Amino acid sequence: MARQVMFSICVAMALAGLVRASDPDILFDYIVPPNVTVVDGNFFTYTKIQEFFEGPNLTDTKSMLASMAEFPALNGQSVSLAFLRLAPGGVSPPHTRPHATGLFFVLAGQFEVGFVDSSNKLYTQTLETGDMFIFPKGLVHYQYNADGKTPAVAVAAFGSASASTVWIPKTLFDTDIDDVVLAKSFRTDVATIRKLKAGLANKI
């Protein structure tokens, strides 16, 4: 009986850990970094996103992130934002966000989006201005602007203050993974892998 009770407690603790597998709750209203001496309205304000909407190149591909690294007041709040603009024909290459689910909202233009689940099934959708799409936490996904004339703009909200990104092409071809390992993994030859590295390295 004691073993069953202990087993039940262990299972309950494991399930609780899974349910809370996100940013930890904080015991205060907010967290002030050690280097901040004055806390006023400025501490809770982030203005650099203005740069996303200003400048001479408002049709170029650009992204800006407002996470804990850029906006320290987000620490402990379990939220962050990213803004994405894709030039005509532009693409946000396949990537994952291991720490957060993404809620993607189209501000202007059209996006072709998709993600692949753990059973290797691809889900795709064409999004218009005002549409929303969810990218489940940790799954590989992408965004593409198929329009050859008009840029597409969106904002993504994340359930983490640190929604880090793992870019799949960069991770594979712009790191030190051995060419032989990649060639065997993709069932091709080393020469092909080196061509891919030359084409992708430091350009993503």
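Just so it is clear, none of the values below were taken in a lab; they were calculated from the coordinates. Everything quoted here is computed from the prediction, not taken from an experiment. With ideal geometry, Cβ positions are generated from the backbone for all residues, glycine too; neighbour counts draw on all protein chains shown.
Values computed for the structure shown
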item	result
Computed lengthening from LYS121 to ALA146, 0.36 nm per intervening residue step minus Cα-Cα distance	6.8 nm
The chain, helix-only ellipticity at 222 nm - DSSP H runs n ≥ 4, -39,500 (n - 2.57), divided by all residues, nearest 500	-6000 deg cm²/dmol
GNM flexibility winner over the chain from SER119, SER162, SER63 (Cα, springs under 10 Å)	SER119
Rounded if a/c under 1.5, otherwise prolate or oblate - the chain, Cα gyration tensor axes	oblate
Overall form of the stretch 107-193 per C-alpha gyration tensor (a/c, 1.5; a/b vs b/c)	prolate
Among 172-185, 25-38, 128-141, the order from most to least packed when residues are scored by Cβ within 10 Å on average	128-141, 172-185, 25-38
